[in-house]
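Undergrad: The structure that follows is given in the form of structure tokens.
The values are calculated or read from the model by the stated rules, or taken from the named source; none is laboratory data. The shown structure was predicted, so the numbers you read here are calculated from the model rather than taken from an experiment. Using ideal geometry, Cβ is built from the backbone for each residue, glycine included, and neighbour counts are taken over all protein chains shown.
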Amino acid sequence: MTNNQQSKPAPAKISRIALLVTDTPMPSIVKAHGDYEAIFTRLFEVSKPQDVPRFRLDAFDVRNKMEYPPESILDEYMGIVITGSAANAYEDIPWINKLVTFVKRLAITTHRIKIIGVCFGHQIVARALGGEVRPNDGKWEVGITPIQLTDLGKRIFHTQENSLNIQQMHRDHVPEVPPSFHLLASTEVSKNQGMVRFAFKAPAPGLNEPLPPIHILTVQGHPEFTKEIVHELVEARLASGIINSNVASQARKRADWRNDGPTIIGRAIWEVLRT
């Protein structure tokens, strides 16, 4: 072996993540910011730890094409991420039922592949694993919203603050924490703003006990959304009558508030995926 061969560094390992795409953003958002693959790629890039040299996000259209990672390569993924959607997670329709079945099977059969749910994805995970999803009496949460953290939430998100700010865009919710999950955060409008399930359904640790490995992490908000994306959504949904002027006005007032999604929450997602 030559000296050059001896000194040649090994190629950096690529961290692979499967993105289960459950909707397509509005045309104006796609034009300005890209589709969900592009939007989530930016989230993971911004929040990526320094010692992760490269990652690859593989998008699968589970809504329109009902496509999923092939079984032959499923074990190559460190985790799956389920995106948000304008659909209702409680609907009894083929593509949603197939997604629920997939998530349930994955959660039961392996603890190595992590599961991350965002908004609609949070709700799908709850439905798949014994929880309930339902409309929240017409109550919307839109734009930057403070969520109040539990003690466990502070540990997961590595903060001493009592709350975090995250972009929101929903009126369906998960009213209770499903069996074997632990609550991370709440608001007055929606109790379950985030939850975890530890590998092997471990109980919540005491304050001075180490955290067990996390298998599933979900958030009701949108860590991938930016101020500009939410502005587009607010104005479009106001114009179509989906939200009213008061909801839109309140969202505009909070538009410049600090957004912890791409930093604190994004980093926590990476930590779960890597442990």
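Undergrad: In the stretch 225-275, how many residues are among the acidic types (Asp, Glu) and in contact with a Ser or Thr (Cβ under 8 Å, 6 or more places away or on another chain)?
TA: Looking only at that region, the number is 1.
Undergrad: Next question. Out of the residues in the stretch 25-42 that are free of Cβ contacts under 8 Å to residues at least 40 places away in the same chain and on the phi < 0 side of the Ramachandran plot, which is surrounded by the most Cβ atoms within 10 Å (Cβ to Cβ)? Break it down into steps so the answer makes sense when it comes.
TA: Of the stretch 25-42, the ones free of Cβ contacts under 8 Å to residues at least 40 places away in the same chain are 27, 30-31, 34-35, 37-38, 41.
Checking the rest, the ones that are also on the phi < 0 side of the Ramachandran plot come to 27, 30-31, 35, 37-38, 41.
Working: Pro27: 9, Val30: 14, Lys31: 10, Asp35: 17, Glu37: 15, Ala38: 13, Thr41: 19.
Per the stated criteria, the residue is Thr41.
Undergrad: Now for a separate question. Within the stretch 228-275, which residues are of a type in the set (Ser, Thr, Tyr) and either farther than 19 Å from Pro146 by Cβ or modelled with pLDDT of 95 or more (or both)?
TA: Residues of the stretch 228-275 of a type in the set (Ser, Thr, Tyr): 240, 245, 249, 263, 275.
Passing the criteria: Ser240, Ser245, Ser249, Thr275.
Undergrad: Can I ask one more? Given the condition part of a helix (DSSP H, G or I), under 18 Å from Ile147 (Cβ atoms) and under 18 Å from the mean Cα position of the chain (by Cα), answer yes or no: does some residue in the stretch 210-227 qualify?
TA: Checked against the condition, which is being part of a helix (DSSP H, G or I), under 18 Å from Ile147 (Cβ atoms) and under 18 Å from the mean Cα position of the chain (by Cα), the stretch 210-227 yields at least one hit.
Undergrad: Still on this model: Please go through the stretch 250-268 and give me each residue that is surrounded by fewer than 23 Cβ atoms within 10 Å (Cβ to Cβ) and closer than 25 Å to Glu176 by Cα, ordered by number.
TA: Of everything in the stretch 250-268, those that are surrounded by fewer than 23 Cβ atoms within 10 Å (Cβ to Cβ) and closer than 25 Å to Glu176 by Cα turn out to be Ile264, Gly266.
Undergrad: Here's a follow-up. Kindly indicate the residue of the stretch 89-127 that is among the aliphatic types (A, V, I, L, M), part of a loop (DSSP other than H, G, I, E, B) and in contact (Cβ under 8 Å) with a residue 12 or more places away in the chain and also surrounded by the most Cβ atoms within 10 Å (Cβ to Cβ) among those meeting that condition.
TA: Of the residues in the stretch 89-127, the ones among the aliphatic types (A, V, I, L, M) are 89, 93, 96, 99-100, 103, 106-108, 113, 115-116, 118, 124-126.
Next, from what is left, pick out any that are part of a loop (DSSP other than H, G, I, E, B): 89, 93, 113.
After this cut, where a residue has to be in contact (Cβ under 8 Å) with a residue 12 or more places away in the chain as well, the list is 89, 113.
Working: Ala89: 26, Ile113: 19.
Going through the qualifying residues, I end up with Ala89.
Undergrad: Within the stretch 49-88, take every residue that is polar (S, T, N, Q) and more than 30 Å from Ile264 (Cα to Cα) and give me the one that is surrounded by the most Cβ atoms within 10 Å (Cβ to Cβ).
TA: Of all residues in the stretch 49-88, those polar (S, T, N, Q) come to 50, 64, 72, 83, 85, 88.
After this cut, where a residue has to be more than 30 Å from Ile264 (Cα to Cα) as well, the list is 64, 72.
Working: Asn64: 11, Ser72: 7.
Checking each candidate, the answer is Asn64.
Undergrad: Restricted to the stretch 250-275, and to residues that are outside any helix (DSSP H, G or I) and among the hydrophobic types (A, V, I, L, M, F, W, C), which residue is nearest to Trp140 (Cα to Cα)? Walk me through it before giving the result.
TA: Residues of the stretch 250-275 that are outside any helix (DSSP H, G or I), as a first pass: 254-260, 275.
Right, trim to among the hydrophobic types (A, V, I, L, M, F, W, C) and you get 255, 257.
Details: Ala255: 16, Trp257: 18 Å.
By that ranking, first place goes to Ala255.
Undergrad: Checking Gln167 against (1) over 16 Å from the mean Cα position of the chain (by Cα); (2) within 27 Å of Lys253 (Cβ to Cβ); (3) touching a residue at least 60 places away in the same chain (Cβ under 8 Å): exactly one of these is not met. Which one?
TA: (1)
Undergrad: Just give me the residues in the stretch 138-157 being outside any loop (DSSP other than H, G, I, E, B) and among the polar types (S, T, N, Q), in sequence order.
TA: In the first step, residues of the stretch 138-157 are kept if they are outside any loop (DSSP other than H, G, I, E, B); the result is 141-149, 151-156.
If the condition is that a residue be outside any loop (DSSP other than H, G, I, E, B) and among the polar types (S, T, N, Q), then Thr145, Gln148 are the ones that fit.
Undergrad: Please enumerate the residues belonging to the stretch 158-180 that are within 20 Å of Ile243 (Cβ to Cβ), in a strand (DSSP E or B) and either of a type outside the set (Asp, Glu) or in contact with a His (Cβ under 8 Å, 6 or more places away or on another chain) (or both).
TA: Keep residues of the stretch 158-180 that are within 20 Å of Ile243 (Cβ to Cβ), which gives 165-173.
Next, only the ones that are in a strand (DSSP E or B) stay: 165-170, 172-173.
Within the stretch 158-180, Asn165, Ile166, Gln167, Gln168, Met169, His170, His173 qualify.
Undergrad: Moving on to the next point. Out of the stretch 231-249, which residues are of a type outside the set (Gly, Ala, Ser), over 24 Å from the mean Cα position of the chain (by Cα), surrounded by fewer than 18 Cβ atoms within 10 Å (Cβ to Cβ) and assigned to a helix (DSSP H, G or I)? Before the answer, list the steps.
TA: Step one: filter the stretch 231-249 for residues of a type outside the set (Gly, Ala, Ser), giving 231-235, 237-238, 242-244, 246-247.
Still in the list and also over 24 Å from the mean Cα position of the chain (by Cα): 238, 244, 246.
Then drop every residue that is not surrounded by fewer than 18 Cβ atoms within 10 Å (Cβ to Cβ), which leaves 244, 246.
If the condition is that a residue be of a type outside the set (Gly, Ala, Ser), over 24 Å from the mean Cα position of the chain (by Cα), surrounded by fewer than 18 Cβ atoms within 10 Å (Cβ to Cβ) and assigned to a helix (DSSP H, G or I), then Asn246 is the only one that fits.
Undergrad: Please indicate, with yes or no, whether at least one residue in the stretch 61-73 is in contact (Cβ under 8 Å) with a residue 24 or more places away in the chain and in a strand (DSSP E or B).
TA: Within the stretch 61-73 (the criterion being in contact (Cβ under 8 Å) with a residue 24 or more places away in the chain and in a strand (DSSP E or B)), the answer is yes, since at least one residue qualifies.
Undergrad: Criterion first (part of a loop (DSSP other than H, G, I, E, B), modelled with pLDDT of 95 or more, out of contact with any helix residue (DSSP H, G or I) (no Cβ under 6 Å at 6 or more places or on another chain) and exposed (fewer than 15 other Cβ atoms within 10 Å of the Cβ)) does Glu45 satisfy it?
TA: When the stated conditions are applied, Glu45 does not pass them.
Undergrad: Right, here's the next one. If I go through the stretch 181-203 residue by residue, how many of them are modelled with pLDDT of 95 or more and either surrounded by fewer than 17 Cβ atoms within 10 Å (Cβ to Cβ) or not in a strand (DSSP E or B) (or both)? Walk me through how you get there before you give the answer.
TA: Taking the stretch 181-203 and keeping what is modelled with pLDDT of 95 or more, we get 181-198.
So of that shortlist, the ones also either surrounded by fewer than 17 Cβ atoms within 10 Å (Cβ to Cβ) or not in a strand (DSSP E or B) (or both) come out as 181, 187-193.
Of the residues in that region, 8 qualify.
Undergrad: Here is a follow-up. Could you count how many residues in the stretch 29-42 are outside any helix (DSSP H, G or I) and either modelled with pLDDT under 95 or among the hydrophobic types (A, V, I, L, M, F, W, C) (or both)? Step through it out loud before you land on a result.
TA: Restricting attention to the stretch 29-42, the residues satisfying the condition of being outside any helix (DSSP H, G or I) are 34-35.
Restricting the remaining residues to those that are either modelled with pLDDT under 95 or among the hydrophobic types (A, V, I, L, M, F, W, C) (or both) gives none.
Adding up the residues that qualify gives 0.
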